[in-house]
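Report on the structure given below.
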Amino acid sequence: MGHPTFTETKNSKVEIFTIDGKSNVGFLNILGYERLSDYLQKLSSDFIMLYNSSSDNNRTVFIVKKNILTIEEIE
């Protein structure tokens, strides 16, 4: 009791480019998957949730998978 709540994450920092010419940098939680590519292939949702996005690091963005051109993993 009295312990802070901890949610386990496995963060992968990515830049996502979409068909409207925009890009978003942020983190994907790929917990339960060995690699980013496994996460992307096996995720059944139509959306990808990108968090800590934008310069203020406090925004969560939902991106429709069919609108994504490329996803690049960045350091």
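As a summary of the residue check, ILE16 satisfies the conditions (1) touching a Gly at 6+ places or on another chain (Cβ under 9 Å); (2) over 17 Å from GLU75 (Cα atoms) except for the one numbered (2).
Scanning region 53-75 for residues that are loosely packed, with under 10 Cβ neighbours inside 10 Å and in contact (Cβ under 8 Å) with a residue 40 or more places away in the chain yields ILE74, GLU75.
In the set (1) surrounded by fewer than 10 Cβ atoms within 10 Å (Cβ to Cβ); (2) touching a Ser or Thr at 6+ places or on another chain (Cβ under 6 Å), PRO4 fails one condition alone, (2).
Just to be sure, is THR9 of a type outside the set (Asp, Glu), exposed (fewer than 15 other Cβ atoms within 10 Å of the Cβ), part of a strand (DSSP E or B) and under 13 Å from the mean Cα position of the chain (by Cα)?
Judged against the criteria, THR9 is not a match.
Here region 16-52 is the region considered, the condition is being on the phi > 0 side of the Ramachandran plot and outside any strand (DSSP E or B), and the residue that is surrounded by the fewest Cβ atoms within 10 Å (Cβ to Cβ) is GLY21.
On the stretch given as region 11-46, residues that are over 17 Å from ASN67 (Cα atoms), touching a helix residue (DSSP H, G or I) at 6+ places or on another chain (Cβ under 6 Å) and of a type in the set (A, V, I, L, M) total 1.
Just one of (1) within 16 Å of THR9 (Cα to Cα); (2) touching a Leu at 6+ places or on another chain (Cβ under 7 Å) fails for GLU73. It is (1).
We did not get these values from a lab; they are worked out from the coordinates using the rules stated. The structure displayed is predicted, hence computed values, not measured ones. Cβ coordinates were reconstructed from backbone atoms using ideal geometry, including for glycine residues, and neighbour counts include every protein chain displayed.
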